[in-house]
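The values are calculated or read from the model by the stated rules, or taken from the named source; none is laboratory data. Not measured: the values here are computed from a predicted model. Every residue, glycine as well, gets a Cβ built from its backbone with ideal geometry; the counts of neighbours run over all protein chains shown.
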Amino acid sequence: MKFFFDLLPVILFFAAYKFAGLLAPEQLDLARELLGAGVADRQIPILLATLVAIVATFGQIAWVWWRHRRVDTMLWVSLAIVSVFGGATLFFHDPTFIKWKPTVLYWLFATVLALSALVFDRNLIRRMLEAQLHLPDSVWSRLNLAWAAFFAVMGGLNLLVAYRFSEEVWVNFKLFGGMGLMLLFVVAQGLFLSKHLQEESN
């Protein structure tokens with residue numbers, strides 16, 4: 001359930017983009033009033049979706065704070081990035097900024113994981129999972145490296161799709177491609193870890 005909650009802004013971004021593409025002319029005029037003068041019809045879907053993603057992320061934080069009276073650092077980071085890059089997209093009417101947002105977030109995750117391990121000798125993946133898993137030190141190191149590499153690759157892949165394919169393809173990839181690759185990675189990781197967990201139990 002938490003996985004889909006974390007994806008909520010992306011899901012709503014996708015839904016808003018698809019919905020905006022179906023607006024009638026009079027509805028486009030209303031959207032243009034909301035987004036600002038000078039917005040072309042073709043820009044409305046991505047700008048409206050960006051606005052929805054920003055509002056959804058604020059809503060996420062408000063909900064988490066109301067339920068738990070604390071918000072994870074990564075959620076604050078996500079809010080800051082979507083606000084800056086989404087805000088720039090809305091201000092300049094340029095989708096380039098929001099297309100870079102996933103890459104910046106992925107590469108930030110990759111950098112934090114790698115530098116924490118290499119510079120500060122702190123394995124963040126281990127800190128998050130060691131209460132549920134008991135693994136050798138070498139496996140924890142490989143796990144941390146695998147996540148850092150995964151996020152680095154995902155950041156590059158996002159840019160590849162954003163600049164080599166149409167805007168609609170990128171929007172589809174942002175939800176289905178990102179979610180699908182994440183699930184495949186988690187499954188592959190589970191298969192890898194199962195062997196070591198069996199060895200530990202023996």
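Please find, within region 108-125, the residue that is modelled with the lowest pLDDT out of those that are of a type in the set (Gly, Ala, Ser) and buried (at least 19 other Cβ atoms within 10 Å of the Cβ). Checked region 108-125; the qualifying residue modelled with the lowest pLDDT is ALA117. Taking first residues from region 87-103 that are closer than 17 Å to SER166 by Cβ and partners that are part of a helix (DSSP H, G or I) and among the charged types (D, E, K, R), the Cβ contacts under 7 Å between residues at least 6 apart in sequence or on separate chains come to PRO95/GLU167; PRO102/LYS174.
Starting from residues that are farther than 22 Å from MET179 by Cα and not hydrophobic (A, V, I, L, M, F, W, C), keep the ones in region 84-107 and report whichever is surrounded by the most Cβ atoms within 10 Å (Cβ to Cβ).
The extreme case among them is THR89.
Note on region 56-101: among residues that are basic (Lys, Arg) and more than 17 Å from ALA16 (Cβ to Cβ), the one that is nearest to the chain's Cα centre (by Cα) is ARG70.
Criterion first (out of contact with any Lys or Arg (no Cβ under 6 Å at 6 or more places or on another chain), assigned to a helix (DSSP H, G or I) and touching a residue at least 12 places away in the same chain (Cβ under 8 Å)) does ALA162 satisfy it? No: the conditions fail for ALA162. State whether the residues of region 110-123 include one that is in contact (Cβ under 8 Å) with a residue 12 or more places away in the chain and within 30 Å of ARG42 (Cα to Cα). No, every residue in region 110-123 fails to be in contact (Cβ under 8 Å) with a residue 12 or more places away in the chain and within 30 Å of ARG42 (Cα to Cα).
Scan region 137-169 for residues that are closer than 24 Å to ALA117 by Cβ and among the charged types (D, E, K, R) and jot them down. ASP137, ARG142, listed by residue number. Selection of first residues in region 57-74 that are closer than 20 Å to GLY86 by Cβ and assigned by TED's automatic domain parsing to the domain that holds GLY86 and of second residues that are surrounded by fewer than 13 Cβ atoms within 10 Å (Cβ to Cβ) and at pLDDT 90 or above, restricted to Cβ pairs under 9 Å at least 6 apart or on distinct chains, gives the following pairs, ordered by first then second residue: ILE61/TRP76; VAL64/ARG70; VAL71/TRP65.
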